[in-house]
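J.: Sending over a structure as C-alpha cells; questions will come in a sec.
The values are calculated or read from the model by the stated rules, or taken from the named source; none is laboratory data. It should be emphasised that the depicted structure is a prediction, and the values quoted were computed from it without experimental measurement. When we count neighbours, we look across all protein chains shown, and the Cβ atoms used for this are built from the backbone with ideal geometry, even at glycine.
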Amino acid sequence: MQRPEKNIAFPLPGSVRPGRYFFAFLGLFFLPQLLLAQTPETPMITEHQLEAVTENNDDAETEDDSFLQSMQQFIKYPLNLNTADATQLKELVILSPLQIQNLLSYRNLLGNFINLYELQAVPGWNTILIQKLRPFTTVNNTLVFQHSLKERLHGGANSIILRASRVPEQSKGYQLNESTANNFYPGSPQHFFMRYKYQFKNLLQYGVVAEKDAGEQFFSGAQKQGFDFYSAHFFARNMGIIKQLALGDFTVNMGQGLTQWQSLAFKKSVDITSIKKQLAVLRPYNSAGEINFHRGAGITIGKNNWEATLFISYKKVDGNFASDTLNTEGFITSLQTSGLHRTKSETSDKGIQRQLAVGGNVGFSINNFHIGVNAIQYHFSLPVIKPAEPYNLYAISGNKPGNYSIDYSYTFMNLHFFGEAAVSNHFNKAFINGLLISVDASVDLSFLYRNISRQYQSLYASAFTENTMPTNEKGLFGGVSIRPADFWRIDAYADLYKFPWLKYLTDAPSVGKDYMLQTTYKPNKQLEIYIRYHTESKSKNFNPGLQALPAVVDKPKQDFRAQVNFKINNKVSFRNRVEMIWFDRKESDAQSGFLSFADILYNPPLKKYSGNIRVQYFETGGYDSRLYAYENDVLYSYSIPVFYDKGFRYYINLNYTFNKKMAVWLRWAQTIYKDKNVVGSGLDEIKGNKKSEIKIQLQYYF
C-alpha cells in the first residue's frame with residue numbers, strides 16, 4: 001500500500017515505488033566496481049581540511065584524535081542509514097546539512113532504503129558521496145533493540161593502545177652544561193602514550209589516557225606521579241530521555257563556535273559546503289591534548305522537539321604567573337596551550353590557574369527549523385592581565401569571562417540558512433550567518449558573513465574566521481561547487497575580510513583577501529587528478545629600516561598544486577604531488593618555494609600486513625614560503641609538518657595484524673637538510689643536518 005504524502009524539502013517524481021526499484025536495479029550494473037573493496041582511508045577532502053586547519057592555526061597540529069576514533073568506530077559498527085537521526089548523521093562529518101535533511105525527508109516519505117544504491121535517488125547525493133560513505137554506513141532493516149545498562153557494561157570491547165616515539169638525534173636541551181644548567185630538559189627524550197578504552201557500539205564508552213611528552217620527567221622530579229598528563233572519561237548515549245551523559249573529561253560544542261567549540265573544527269577548504277559546524281553538544285574526550293576540554297560532568301536530556309544540556313567543569317590550567325609588587329597579589333599574563341612541562345619555567349606554569357566553568361544549551365527543533373540558546377560562564381582563581389601592548393587592548397581580562405548566544409537554522413526546499421548571534425559579558429557582539437544552496441544536482445553554493453567586534457572575546461572557541469579565535473573580524477565568504485559531468489568537479493571560493501583593530505605583528509587595522517580554484521578529474525575509481533590555484537593577501541608589519549612605527553603593507557602569496565592519485569590494482573596505490581609557492585614576488589623580501597612527493601601505499605585485501613612509503617623534496621626561500629603536506633601515520637594519528645629551507649624527507653609506515661586481538665604499527669621518518677649544520681633552534685637545536693623520528697604502536701583487544 002502506498003504511503004500518504006508528507007511535506008518534504010525537494011520535488012519527487014510522480015511514481016514513487018517503481019522509481020525506487022529502478023535506481024536500485026540501475027545501481028547493480030553501474031556501481032559494484034565503484035564501491036567494491038574500498039580501503040577505509042582518510043577521505044582526500046578531509047586531508048585537505050586538516051592541512052588547512054594546521055596552516056590557519058600557526059602550524060599547531062592538533063592532538064585531538066577523536067575524529068579518527070569516530071571514523072574507526074563507524075568502520076567497526078557502520079551507521080544504519082535506515083535508523084540514524086540527524087545527530088548521528090552529523091557525527092560522520094561528511095554530509096552537508098542539505099544532504100542530511102534530504103536523506104531524512106526521503107526516508108520519511110518512502111520508508112526504509114532497499115539497498116545502498118537507492119541513495120542515488122536522494123537529491124544532493126551522488127556516487128562519489130556514496131563511495132566516501134560506504135566504509136562507514138550500512139542499509140538494513142534489522143530491529144533496533146534497547147540495550148540494558150548491564151548489556152552495555154558487559155557486552156562491549158576492551159582495547160589498549162601503547163605508543164612510544166623519539167627523535168634519535170640529541171638536541172641541545174638534553175646536553176647539560178654550563179650554558180644550559182638553568183634551562184634544560186631533565187626528562188628522557190621518549191614520548192609515551194597509553195589509552196585504555198571500553199566501548200559498546202556507539203552507546204557507551206569509558207577509559208583512561210596517560211601521556212608523557214619528550215623531555216618531561218617520568219616517575220621523578222616534577223612528575224613523581226608518573227605520566228605528566230592523565231585523562232579519564234565515562235560517556236553514555238541514548239538512555240531513554242538522557243541523550244548524552246558525560247563524566248570526567250568531555251568536550252562542548254555549541255552553535256557555530258562563537259561561544260564554545262572544543263572538537264576539531266574545519267574552516268576554509270576545497271569542500272565549500274563544510275562551512276557549517278554541526279556536532280552534538282557533548283562528546284567524550286580521550287585524546288592527548290592537555291588544554292581544549294572540560295573536566296567534570298555534563299548531561300543532555302531530550303524529549304519530543306526539545307533538548308537541553310547542562311555541564312559543570314573544574315580543572316587546573318597552565319598560565320604565566322606574575323606578581324604585583326604593589327598589592328602583593330598575583331595574576332596571569334597569558335594562558336598556556338602547549339601542554340609541555342619540561343623546563344623549570346614550564347613546570348612552574350603547570351596548573352597554576354584554577355578554572356571553573358558552568359554552561360548549557362537549550363534547543364528546540366520542529367520540521368526544518370532549529371533554534372538554540374547557549375551560555376557559558378568562567379571563574380578564574382587568578383585574574384588575567386595581558387601585557388600592555390596595543391594589540392592586547394581588548395584581550396580577555398579579569399577572572400569572570402562569559403559568553404551567551406542564540407544559534408538558528410532553517411531549511412526551505414534547496415536552501416539551508418544558519419547562524420549564531422553572541423555577546424560577551426560586557427555585551428560585545430559577534431554574528432555569523434551562512435547560506436547553503438543546492439542550485440541543482442550539479443551545482444552547490446555557499447555564503448557566510450561574519451561580523452565580530454574587536455571587544456568580543458571567548459575561550460575554547462573556533463568559528464569560521466580567518467583569525468585563530470573569533471574576534472576583531474568582518475568578512476564575506478562565497479563558494480561554488482560545479483559538477484559538469486560525473487568525472488569532473490570544479491570548486492572555488494572567495495573570502496574578503498578585514499580586521500578593524502590591531503593584531504600581533506600588524507600595528508594597524510588591515511584587510512585581506514583569499515581566493516581558491518580547484519579542478520578535479522576522476523574518470524573511475526582508479527584515477528583522480530586535481531589542480532589547485534590559491535592566492536591570498538594579508539597585511540603585516542614591514543620595517544626593514546627599523547623605524548619607530550613600522551609600515552603595514554599587503555603581502556600577497558600565490559600557491560599552485562597538482563596531485564595525482566592512482567590505484568594500480570587492489571593492492572597498490574600511487575600518489576604524487578607537485579606544489580609551488582610565491583610570497584611577495586615583486587618586492588625586496590620575495591620568496592618562492594617548491595615541494596614534490598611520491599607515495600606508494602600497499603594494502604592487500606585479507607592480508608595481515610600493509611604499509612606505505614613517501615619520498616619528498618622541498619626547497620623554499622624561508623619561512624614565509626613554507627609548505628605543508630599531510631602524512632600517513634600509525635592508527636589514530638597523522639602528521640602535517642611544515643617545510644621550509646631545502647632538503648629531502650622520507651618516511652615508511654608498516655602495519656602487521658597478528659590476529660583479531662593484536663596489531664602493531666612501526667613508523668620511521670627522516671628529514672635531511674641541505675647546506676645546514678644545525679637543525680631547529682633554542683633547546684631543540686640539533687647539530688648536523690638530519691632530524692629523524694621513530695614510532696611504534698601496539699593495539700590489543702581483550
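J.: Within the bounds of segment 542-560, is there any residue that is more than 27 Å from ASN653 (Cα to Cα), outside any loop (DSSP other than H, G, I, E, B) and among the basic types (Lys, Arg)? Give the steps one after another, and end with the answer.
T.: Within segment 542-560, the subset more than 27 Å from ASN653 (Cα to Cα) is 542-560.
Adding the requirement that they be outside any loop (DSSP other than H, G, I, E, B) leaves 542, 551-560.
After this cut, where a residue has to be among the basic types (Lys, Arg) as well, the list is 555, 557.
Scanning segment 542-560 turns up at least one residue that is more than 27 Å from ASN653 (Cα to Cα), outside any loop (DSSP other than H, G, I, E, B) and among the basic types (Lys, Arg).
J.: I'm checking my understanding of the structure. Among residues of segment 575-598 that are basic (Lys, Arg) and touching a residue at least 12 places away in the same chain (Cβ under 8 Å), which one is farthest from VAL615 (Cα to Cα)? Outline the logic, then answer.
T.: Of all residues in segment 575-598, those basic (Lys, Arg) come to 575, 577, 585-586.
Narrowing the set further to residues that are touching a residue at least 12 places away in the same chain (Cβ under 8 Å) leaves 575, 577, 585.
Values: ARG575: 11, ARG577: 11, ARG585: 28 Å.
Checked segment 575-598; the qualifying residue farthest from VAL615 (Cα to Cα) is ARG585.
J.: Further, regarding this structure: Just wondering, is there one or more residues in segment 454-473 that are in contact with a strand residue (DSSP E or B) (Cβ under 8 Å, 6 or more places away or on another chain), among the hydroxyl-bearing types (Ser, Thr, Tyr) and at positive phi?
T.: yes
J.: Then there's this: If you scan segment 366-387, which residues turn out to be buried (at least 16 other Cβ atoms within 10 Å of the Cβ), at pLDDT 95 or above and not hydrophobic (A, V, I, L, M, F, W, C)?
T.: HIS370, GLY372, ASN374, TYR378
J.: Considering only residues that are under 16 Å from ASN467 (Cα atoms) and under 24 Å from the mean Cα position of the chain (by Cα), look in segment 513-537 and name the one that is surrounded by the most Cβ atoms within 10 Å (Cβ to Cβ). Working first, answer last.
T.: Step one: filter segment 513-537 for residues under 16 Å from ASN467 (Cα atoms), giving 513-514, 536-537.
Restricting the remaining residues to those that are under 24 Å from the mean Cα position of the chain (by Cα) gives 513-514, 536.
Working: LYS513: 16, ASP514: 19, GLU536: 17.
The qualifying residue surrounded by the most Cβ atoms within 10 Å (Cβ to Cβ) is ASP514.
J.: Of everything in segment 306-336, what is assigned to a loop (DSSP other than H, G, I, E, B) and either surrounded by 14 or more Cβ atoms within 10 Å (Cβ to Cβ) or at positive phi (or both)? Give them in sequence order.
T.: In the first step, residues of segment 306-336 are kept if they are assigned to a loop (DSSP other than H, G, I, E, B); the result is 318, 325-328, 336.
Correct list: ASP318, THR328, GLN336.
J.: So which of ASN368, ASN361 ends up being within 24 Å of LYS277 (Cα to Cα) and within 24 Å of the chain's Cα centre (by Cα)?
T.: Working: ASN368 fails: within 24 Å of the chain's Cα centre (by Cα).
Among ASN368, ASN361, only ASN361 is within 24 Å of LYS277 (Cα to Cα) and within 24 Å of the chain's Cα centre (by Cα).
J.: Report, by residue number, each residue of segment 615-666 that is under 20 Å from THR46 (Cβ atoms), polar (S, T, N, Q) and in contact with a Lys or Arg (Cβ under 6 Å, 6 or more places away or on another chain).
T.: Of everything in segment 615-666, just one residue is under 20 Å from THR46 (Cβ atoms), polar (S, T, N, Q) and in contact with a Lys or Arg (Cβ under 6 Å, 6 or more places away or on another chain), namely ASN653.
J.: Can you name the residue in segment 337-364 that is out of contact with any Ser or Thr (no Cβ under 9 Å at 6 or more places or on another chain) and among the small types (Gly, Ala, Ser) and, of all such residues, is surrounded by the most Cβ atoms within 10 Å (Cβ to Cβ)?
T.: GLY339
J.: Let me ask you something else. Among the residues of segment 234-259, how many are assigned to a strand (DSSP E or B), polar (S, T, N, Q) and touching a strand residue (DSSP E or B) at 6+ places or on another chain (Cβ under 8 Å)? Talk me through it step by step, then tell me what you get.
T.: First, pick out the residues of segment 234-259 that are assigned to a strand (DSSP E or B): 234-239, 242-254.
Add one more test, that the residue is polar (S, T, N, Q), and what stays is 238, 244, 251, 253.
Right, trim to touching a strand residue (DSSP E or B) at 6+ places or on another chain (Cβ under 8 Å) and you get 244, 251, 253.
Within segment 234-259, residues that are assigned to a strand (DSSP E or B), polar (S, T, N, Q) and touching a strand residue (DSSP E or B) at 6+ places or on another chain (Cβ under 8 Å) number 3.
J.: Please find, among LEU595, LEU601, the residue that is buried (at least 19 other Cβ atoms within 10 Å of the Cβ), under 30 Å from ASN286 (Cβ atoms), under 25 Å from the mean Cα position of the chain (by Cα) and at pLDDT 95 or above. It would help to see each step written out before you state the result.
T.: Values: LEU595 fails: under 30 Å from ASN286 (Cβ atoms).
Step by step, each of LEU595, LEU601 is checked, and only LEU601 is buried (at least 19 other Cβ atoms within 10 Å of the Cβ), under 30 Å from ASN286 (Cβ atoms), under 25 Å from the mean Cα position of the chain (by Cα) and at pLDDT 95 or above.
J.: OK, next. Pick from segment 438-489 the residues that are within 20 Å of the chain's Cα centre (by Cα) and aliphatic (A, V, I, L, M): which of them is surrounded by the fewest Cβ atoms within 10 Å (Cβ to Cβ)?
T.: MET469
J.: Just to be sure, is TYR623 within 20 Å of ASN56 (Cβ to Cβ), within 25 Å of the chain's Cα centre (by Cα) and surrounded by 16 or more Cβ atoms within 10 Å (Cβ to Cβ)? Steps first, please.
T.: Values: within 20 Å of ASN56 (Cβ to Cβ): yes; within 25 Å of the chain's Cα centre (by Cα): yes; surrounded by 16 or more Cβ atoms within 10 Å (Cβ to Cβ): no.
Criteria not met by TYR623.
J.: Now for a separate question. Do we find a residue being polar (S, T, N, Q), in contact with a Ser or Thr (Cβ under 6 Å, 6 or more places away or on another chain), within 21 Å of ILE161 (Cβ to Cβ) and buried (at least 18 other Cβ atoms within 10 Å of the Cβ) anywhere in segment 240-250?
T.: No, segment 240-250 contains no residue that is polar (S, T, N, Q), in contact with a Ser or Thr (Cβ under 6 Å, 6 or more places away or on another chain), within 21 Å of ILE161 (Cβ to Cβ) and buried (at least 18 other Cβ atoms within 10 Å of the Cβ).
J.: Quick check: anything in segment 283-300 outside any strand (DSSP E or B) and among the aliphatic types (A, V, I, L, M)? Please lay out each step first, then the result.
T.: Filtering segment 283-300 for residues outside any strand (DSSP E or B) gives 285-293.
Within this subset, residues satisfying the condition of being among the aliphatic types (A, V, I, L, M) are 288, 291.
Yes, segment 283-300 contains a residue that is outside any strand (DSSP E or B) and among the aliphatic types (A, V, I, L, M).
J.: How many of the residues in segment 46-91 are at pLDDT 85 or above, in contact with a helix residue (DSSP H, G or I) (Cβ under 6 Å, 6 or more places away or on another chain) and either of a type in the set (Lys, Arg) or over 27 Å from SER365 (Cβ atoms) (or both)?
T.: 1
J.: Here's another thing I want to ask about it. Tally the residues that are under 24 Å from LEU517 (Cβ atoms) and either crowded, with 24+ Cβ neighbours inside 10 Å or without any contact (Cβ under 8 Å) to a residue 60 or more places away in the chain (or both), restricting the search to segment 275-294. It would help to see each step written out before you state the result.
T.: From segment 275-294, those under 24 Å from LEU517 (Cβ atoms) are 275-276; that's our starting set.
Retained after the next criterion (residues that are either crowded, with 24+ Cβ neighbours inside 10 Å or without any contact (Cβ under 8 Å) to a residue 60 or more places away in the chain (or both)): 275.
Going through segment 275-294 one residue at a time, the tally reaches 1.
J.: When you go through LEU393, LEU459, LEU436 one by one, which is the residue that is among the aliphatic types (A, V, I, L, M) and touching a helix residue (DSSP H, G or I) at 6+ places or on another chain (Cβ under 9 Å)?
T.: Values: LEU393 fails: touching a helix residue (DSSP H, G or I) at 6+ places or on another chain (Cβ under 9 Å); LEU459 fails: touching a helix residue (DSSP H, G or I) at 6+ places or on another chain (Cβ under 9 Å).
On inspection, the qualifying residue turns out to be LEU436.
J.: Turning to a different aspect of this structure: Yes or no: ALA37 surrounded by fewer than 18 Cβ atoms within 10 Å (Cβ to Cβ), over 30 Å from ASP213 (Cα atoms), more than 23 Å from the chain's Cα centre (by Cα) and at pLDDT below 80? Please lay out each step first, then the result.
T.: Numbers: surrounded by fewer than 18 Cβ atoms within 10 Å (Cβ to Cβ): yes; over 30 Å from ASP213 (Cα atoms): yes; more than 23 Å from the chain's Cα centre (by Cα): yes; at pLDDT below 80: yes.
Against the criterion (surrounded by fewer than 18 Cβ atoms within 10 Å (Cβ to Cβ), over 30 Å from ASP213 (Cα atoms), more than 23 Å from the chain's Cα centre (by Cα) and at pLDDT below 80), ALA37 qualifies.
J.: Now for a separate question. Could you run through segment 113-128 and say how many residues are of a type in the set (A, V, I, L, M, F, W, C), under 18 Å from ASP444 (Cα atoms) and touching a Leu at 6+ places or on another chain (Cβ under 8 Å)?
T.: Restricting attention to segment 113-128, the residues satisfying the condition of being of a type in the set (A, V, I, L, M, F, W, C) are 113-114, 116, 119, 121-122, 125, 128.
Imposing the further condition that a residue be under 18 Å from ASP444 (Cα atoms) reduces the set to 121-122, 125, 128.
With the extra rule that they be touching a Leu at 6+ places or on another chain (Cβ under 8 Å), the set shrinks to 122, 125.
Number of matching residues: 2.
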